[in-house]
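Report on the following structure.
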Amino acid sequence: QEIQALGVNASTFIADVSDREQVYAAINHAEQTLGGFDVMINNAGIAQVQAIADITPDEFQKIVDINIGGVLWGIQAAAAKFKQREHKGKIINACSIAGHDGFALLGIYSATKFAVRALTQAAAKEYASHGITVNGYCPGIVGTDMWVEIDKRFAEITGAAIGETYKKYVEGIALGRAQ
């Protein structure tokens, strides 16, 4: 509603990005309700704060399905629509600083973000001949509810005070602040 109040067309669609059919349905919804789209941003993701030795098969599969599968399905669905319309669209994937540097207790999350970088690079090469660009961005620490939960979980595991892990990671950012 806030976006529409600005005079811009907007629509919402709730989807489980780990489910390929739901991602394709979301893309179809965008095309039908908005008359098409120029940019697809794959931004959904979750983090599992846990030692690598303690990750269960179900926890592993869930984070892989969301963080990697969701990006893959988003790339496929958007690229198919762009190619169908002979449109030179843009696909932008959320990577992470954790996709450049593996973080302790965020090993599986880091692994999925390394994978997103690889998917992004491969897709950029595969879709370039269609005029479709595929890029990624790698934010550092973003002040979101997800980071509040990550910080709490670090505190539980390491005994650090609430806020200490968040502060430590923010200090590692060149700007010295969360994004």
With +1 on the Cβ of every Lys and Arg and -1 on the Cβ of every Asp and Glu, the dipole magnitude of the range 79-179 about its Cα centre, in debye rounded to the nearest 20, is 540 debye
Here the membrane-span-like helices of the chain, with no claim about any membrane, defined by DSSP H, Cα axial extent at least 24 Å and mean Kyte-Doolittle at least 0.0, are 107-127
Compactness check, the chain: C-alpha Rg relative to the 2.2 N^0.38 Å globular estimate gives 1.13
Checking Ile97, Ile75, Ile14 against a Gaussian network model of the chain (alpha-carbon springs below 10 Å), the top fluctuating residue turns out to be Ile14
Cβ density ranking, 10 Å radius, fewest first, applied to Val148, Val8, Val49 yields Val8, Val148, Val49
Answer in debye to the nearest 20: the dipole magnitude of the chain about its Cα centre, from +1 Lys/Arg and -1 Asp/Glu charges placed on Cβ, is 620 debye
A correct fewest-to-most ranking of Leu34, Leu106 by other Cβ atoms within 10 Å would be Leu34, Leu106
Charge dipole of the chain built from unit charges on the beta carbon (Lys, Arg +1; Asp, Glu -1), centred at mean Cα; most positive-end Cα among Thr144, Val116, Phe13 is Val116
Sorted on mean Cβ neighbours within 10 Å (highest first), peptides 36-48, 167-179, 54-66, 107-119 come out as 107-119, 36-48, 54-66, 167-179
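Read the figures in this text as sums done on the coordinates, not as results from a lab. Computed from a prediction, not measured in an experiment: that's the story for all the values here. Counting neighbours? That spans all protein chains shown, and the Cβs are built from the backbone with ideal geometry, glycine included.
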